[in-house]
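Read-outs throughout are calculated quantities, based only on the coordinates presented, and are distinct from any laboratory measurement. For clarity, every value in this text was computed on a predicted model and none was experimentally measured. Note that each Cβ is placed from the backbone with ideal geometry, even for glycine, and that neighbours are counted across all protein chains shown.
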Amino acid sequence: MNTRNIYITENDLERLRLLIDMHNGPEIAPYIERLKKELDEATIIESKRVPGNVVTMNSIVRIRDINTGEEEAFMLVFPEKTGLKRKTVSILSPMGIALIGSGEGDMLEWEMPTGKVKIQIMEIIYQPERLGNYDL
């Protein structure tokens, strides 16, 4: 059960639903199901009204690993944009699914084969909607 309130913009919801429809296969099925669940439980909001401290697609976030204290910055992207130019994390990854719709200061966790990952969103360095970019 989702215990946090997440916000998804109408534009991101539309693009993420298309992504879900386009991707299939047993290797990504668990991620697709988790993303569907996040979207079903999210509060949908107009792109122009999304708070500036919420992670949307193409946002750049600085996170801190709770276990190690290490900080890194990533851009949340669609799968085809991973690895281009800067550090990216795909929306179809456990971290990407956890990040979308979350806010600055939120503590997030998920299971990996190596154990539980816990992070905190320290800062949203860039959010497209905050600058009026609604169609990225």
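The packing ranking of peptides 50-58, 64-72, 16-24, 100-108, highest mean first, is 50-58, 100-108, 16-24, 64-72, where packing means the average number of other beta carbon atoms within 10 angstrom of each residue.
Roughly how big is the chain's charge dipole about its Cα centre, with Cβ charges of +1 (Lys, Arg) and -1 (Asp, Glu), in debye to the nearest 20?
Computed charge dipole of the chain: roughly 220 debye.
Look at the alpha carbon pairs under 8 Å that are at least 6 residues apart: their mean separation over the length of region 13-102 gives a relative contact order of 25 percent.
Sites listed here are GluC sites (Glu not before Pro) in region 3-45 whose DSSP assignment is loop and whose Cβ has at most 14 other Cβ atoms within 10 Å: Glu27. Across Met95, Met75, Met112, mean-square fluctuation computed from a Gaussian network of the chain (C-alpha pairs under 10 Å connected) peaks at Met112. Shape annotation for the chain: C-alpha extents along the principal axes are 36, 34, 34 Å, from largest to smallest. At what distance in nm do the modelled label points of Thr114 and Leu13 sit from each other, each positioned 7 Å from its Cα along Cα→Cβ? Here the modelled spin labels are 3.6 nm apart.
Subtracting the Cα-Cα distance of Met122 and Arg62 from their residue separation scaled by 0.36 nm leaves 21.1 nm.
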